[in-house]
Amino acid sequence: MNRILLKLIIASLFLLAGTQPLIAASPTHVRIAYIEGGPFWLYDRTYTAFKKALSTYTDIKPTYVEKFSIGWDSSPEILKKTAQTISEREDLDLIIAAGTAASKAMQSATNKRVPVIGIGIADPIAANLVRTNNESGAPNFICRITPDRWKNMYRVFYDVVRFKHLGLMYSKDEYGKLYAAVSDAEQVAKELGFSLVIKEIDDESTESCTEGLKWLSENGADAFFMGPLLCFDWSLQDITPTMNYINNELKLPTFARDGSAFVQGGALMGFASWNIDPIGRRIASMAHQVVKGKPINQIALRDTTEPTIAVNLETALKVDIDLPLDLLIVADEIYETTSTPSFN
């Protein structure tokens, strides 16, 4: 009897060992590098949100190896050489490329071993970073894609202001027209029947932007699409004088491409925000799938989050725009007065 009981106990232990692991699996160690063409508030906030979201995965352990910020005044060749060097490193498992310039540089690198996730990219398809809204087409590169983001901004702005001549301004560099979404503006202008007044400026200094704004107004622009120029970047400087010039002197209604912080700071309207935390979670999910071995071409790219609207009532009074009641009803953020935005 004792011998039979002993056999039963041993058999039970074997069964338990087969169904319940005695030692939990160790998390996968992931070494991550970051590269950007230069500092920009959107890159920094998105990367921070990504790291926060990635820390919630218990089956991976990220280590952030190095951060490369080349500087906007540097030669594009320096960015490309840095990207090539990073791509050849054997100690990396993942690279985060912030912005179009850095993503293009990483894509041009000859070593495609390390997966690259792009963040903060103006238009991945127009930049030839991905093939379609649903397919990367690149062996080691993926990013979020929001279909028709800029076209929808132009359409909403026109629907509210009914301008006849929309002003656009961009810097004289490789990606200036791309950042300003000129191609999308041209398509929507043809679709809705307005014209474009376009000014290329030599650099993104406050002086160049002010001169460009004056030129746009003198050449018939009756509204302005505020793109991601450094002269409009609240995180770098106080742009109150520039916004006062636009609103009080030029009387130009503005649509802020980069969200509600800029509407709070004096733009007439814009999409309410970039929803940084959800973006961080989406990118972290992409990274987790990559680390766990899912093929790049099987990871979903499309982001179908519905945009929300922000408006500034004080600015509307200054530029003599009567905001439609239906817009005020559906607006997610309404600023009664203008104030300095915070990027904390």
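What follows is calculated from the coordinates using simple rules that are stated; it is not laboratory data. Here the structure is a predicted model, which is why all the values come from computation and not from measurement. Quick reminder, even Gly has a Cβ in these numbers, built from the backbone with ideal geometry, and neighbours come from all protein chains shown.
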message: Quick check on the exposure proxy: order TYR64, TYR158 from fewest to most C-beta atoms within 10 angstrom.
response: TYR64, TYR158
message: Suppose the chain between LEU327 and LYS251 were pulled fully straight at 0.36 nm per residue; how much longer would it get relative to their current alpha carbon spacing?
response: 25.3 nm
- prompt: Which ³J(HN,Hα) values in Hz, rounded to whole numbers, follow from the phi angles of segment 233-238 under the Karplus curve 6.51 cos²θ - 1.76 cosθ + 1.60, where θ = phi - 60° and Gly and Pro get x?
  reply: 8, 4, 6, 9, 6, 7
Contour minus Cα-Cα distance for ASN134 and TRP72 (0.36 nm per residue): 19.2 nm
field: ³J(HN,Hα) computed for each position of segment 215-221 - Karplus, 6.51 cos²θ - 1.76 cosθ + 1.60, integer Hz, glycine/proline x
entry: 4, 4, 5, 5, 9, x, 5
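In segment 268-344, which chymotrypsin sites (Phe, Trp or Tyr not before Pro) are in a loop and have at most 12 other Cβ atoms within 10 Å, using DSSP for the loop call?
Numbers: sites: PHE271, TRP274, TYR335, PHE343; in loops: TRP274, PHE343.
Filter output for segment 268-344: PHE343.
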task: Among DSSP beta bridges whose residues both lie in the chain, state the antiparallel percentage, nearest 5.
output: 5 percent
Under the Karplus curve 6.51 cos²θ - 1.76 cosθ + 1.60, θ = phi - 60°, whole-Hz ³J(HN,Hα) for segment 91-104, x wherever Gly or Pro sits: 9, 10, 10, 7, 10, 9, 10, 9, x, 5, 4, 5, 5, 5
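In the structure displayed, which of LYS164/LYS199; LYS80/LYS294; LYS214/LYS318; LYS172/LYS214; LYS104/LYS151; LYS67/LYS112 lie more than 26 Å apart, Cα to Cα? The partial results should precede the final answer.
On the way: LYS164/LYS199 17 Å; LYS80/LYS294 28 Å; LYS214/LYS318 17 Å; LYS172/LYS214 18 Å; LYS104/LYS151 23 Å; LYS67/LYS112 19 Å.
Beyond 26 Å between Cα atoms: LYS80/LYS294.
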5 angstrom amide H check on VAL197, placed H, neighbours 5+ away: LEU166, GLY167, LEU168
- prompt: Does the chain classify as rounded, prolate or oblate by the C-alpha gyration tensor (a ≥ b ≥ c root eigenvalues; a/c under 1.5 gives rounded; else a/b over b/c gives prolate, otherwise oblate)?
  reply: prolate
- request: Sketch the reach of a paramagnetic label on ASN219 as a point 7 Å from Cα along Cα-to-Cβ, and name the residues of segment 156-196 whose backbone nitrogen lies under 14 Å away.
  value: 165-172, 195-196
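If you filter segment 127-198 for GluC sites (Glu not before Pro), then keep DSSP loop positions with at most 13 other Cβ within 10 Å, what is left?
Sites meeting the loop and neighbour criteria: GLU135, GLU174.
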field: Separation of alpha-carbon centers, segment 286-344 and segment 230-281, rounded to whole Å
entry: 12 Å
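At 0.36 nm per residue, minus the direct Cα-Cα distance, what do LYS292 and GLU88 gain on full extension? Give it in nm, one decimal, please. Could the numbers behind the result be given before it?
Numbers: separation 204, 0.36 × 204 = 73.44 nm, distance 2.14 nm.
Taking LYS292 through GLU88 to full extension adds about 71.3 nm, to one decimal.
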statement: Most exposed to least, judged by fewest other Cβ atoms within 10 Å, HIS29, HIS165, HIS288 sort to HIS29, HIS165, HIS288
